[in-house]
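The values are calculated or read from the model by the stated rules, or taken from the named source; none is laboratory data. As the structure is a computational prediction, the values presented were derived from the model and not from experiment. All Cβ positions, even for glycine, are placed from backbone atoms using ideal geometry, and neighbour counts span all protein chains on display. Areas reflect the complete protein model, heavy atoms only, side chains present, ligands, DNA and RNA absent. Shrake-Rupley method; radii C 1.70, N 1.55, O 1.52, S 1.80 Å.
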Amino acid sequence: MFKDGWLFEPLTKTKQPIWIYGAGHVGTAIVQILSQLEQFSITCIDTSNDRYPTNFPNNVDKLITAQPAHVIKYAPPKTHHLILTYSHALDLEVCNQLLKQPFLSAGLIGSKTKWVRFKKRLGELGYKSEQIYRIVCPIGDPSLGKSPYEIAIGVANMLLDYDKIHASRKEALSM
């Protein structure tokens, strides 16, 4: 930024917030990969401290709450959300509350069958298709495989390419 002939630059780069709901196998694999990247600030939300592995990265914030969906309102508006809890009911409630808030992106772990059920249930809760389709399901790149680290690699790639993908979409829409 220029002001009065001076160039001002921030001393530290703003990190992109990512909130991960669930510290299970896939959540932990995603955390292990993303915590190595400087551009992300990661918060992992789960219902119990016992759900986090002992080798959980120190540079990731843990948020322990019996009601993960209730903390969504505290996320910065331009946050990436990844929903991977141990419970379909928790996942659905997180999706429900998330759709009531501004967010940058959202991904839900699951099969095509789970996504069909969730779209139906979210529709019954009053959400329109364009709102529901802001959530991506399944997450990752299915061609990489279904193991936690294969899913995590696909998710990391999607997050790293997010700005590039959305810039090209905006350009295409403006033509």
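Dividing the summed -39500 (n - 2.57) terms of all DSSP H runs of n ≥ 4 by the residue count of the chain sets its mean residue ellipticity at 222 nm at -12000 deg cm²/dmol. Counting only protein heavy atoms and using a 1.4 Å probe, the accessible area of Trp115 comes to about 20 Å². When the chain is modelled as a GNM with alpha-carbon springs shorter than 10 Å, which of Thr65, Thr43, Thr113 fluctuates the most? Comparing Thr65, Thr43, Thr113 in a Gaussian network model of the chain, the most mobile one is Thr113. Plainly put, the chain has a radius of gyration that is 1.00 times its Kirkwood radius, both from alpha-carbon atoms, as the Rg/Rh ratio.
Less than 18 Å apart at the alpha-carbon level, and either on another chain or at least 8 residues along: which aspartates and glutamates does that give for Lys15? Cross-link targets: Glu38, Asp61, Asp161, Asp163.
Volume per residue for the stretch 1-93 equals 106 cubic angstrom (convex hull of Cα atoms). Distance from the alpha carbon centroid of the stretch 101-135 to that of the stretch 40-63 works out to 25 angstrom. Spin-label pair Asn59-Gln36: with each label point 7 Å from Cα along the Cα-Cβ axis, the two points sit 1.2 nm from one another. The Rg/Rh ratio of the stretch 120-166, with Rg taken over Cα atoms and Rh as the Kirkwood radius over Cα pairs, comes to 1.10. Rolling a 1.4 Å probe across the protein heavy atoms gives the stretch 37-107 an accessible surface of 50 Å² per residue.
Here the accessible area is traced with a 1.4 Å probe on the protein chains. For the stretch 97-167, carbon and sulfur cover 58 percent of it. Using a simple charge model, +1 on the beta-carbon of Lys and Arg, -1 on the beta-carbon of Asp and Glu, nothing else, what dipole does the chain show about its Cα centre, in debye to the nearest 20? That gives a dipole near 580 debye. Placing unit charges on each Cβ (+1 for Lys and Arg, -1 for Asp and Glu) gives the stretch 1-96 a dipole about its Cα centre, and among Ser41, Leu84, Ile30 the Cα reaching farthest toward its positive end belongs to Ser41.
Relative protection proxy for 44-51, 78-85, 66-73, from highest mean packing down: 78-85, 44-51, 66-73 (other beta-carbon atoms within 10 angstrom).
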